[in-house]
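Report on the following structure.
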Amino acid sequence: MKDVTVGQVVRSIAGRDKGRFYVVMGFEGKRVLLVDGFNRKLERPKKKNILHIQLTNVVNPDIKDKLQKGDLVRDEEIYKFVKKLYEKEG
């Protein structure tokens, strides 16, 4: 099993959303709960098989801390962070 942590950025490698970036919000069995702040918001995370994601080395420490502590994270925070990744990619 892959070493995935809450707050880590992953990329979908399978499905209709192939190529999209997400932030890991949590886990449900062998699935990860993913959000991007736009299409997949915190109240309705995407459940994705862990084999269908590619890990990145990017972790947002603020979002990670808030998710782990159970503090309020806003969809706007996640969206802005994910949007920057797309801009860096070009």
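Values in this text are rule-based calculations from the coordinates and carry no lab data. Computed from a predicted model, the values in this text were never measured in an experiment. Glycine also receives a Cβ, built like all others from the backbone with ideal geometry; neighbour counts cover every protein chain displayed.
For this structure, a couple of remarks:
- Of the residues 52, 33, 79, the one whose Cα sits farthest towards the positive end of the charge dipole of the stretch 8-89 is 52 (charges of +1 on Lys and Arg Cβ, -1 on Asp and Glu Cβ, taken about the Cα centre).
- The dipole here belongs to the chain: it is taken about the Cα centre, uses +1 on the Cβ of Lys and Arg and -1 on the Cβ of Asp and Glu, and is about 380 debye.
- Environment charge at residue 16 (Cβ cut-off 13 Å; Lys +1, Arg +1, Asp -1, Glu -1): +4
- Length added when fully stretched, residue 58-residue 76, from 0.36 nm per residue minus Cα-Cα: 4.7 nm
- Each peptide in 22-30, 71-79, 54-62, 34-42 gets a packing score, the mean of other Cβ atoms within 10 Å over its residues, and the list from highest to lowest is 34-42, 22-30, 71-79, 54-62.
- Total formal charge among the other residues, if their Cβ is under 14 angstrom from that of residue 84, Lys/Arg +1 and Asp/Glu -1: -3
- Mean separation of Cα contacts under 8 Å (6+ apart) over length of the stretch 8-89, as relative contact order %: 31 percent
- Above-threshold pairs, the threshold being 26 Å between Cα atoms, out of 18/69; 30/84; 2/69; 64/88: 18/69; 30/84
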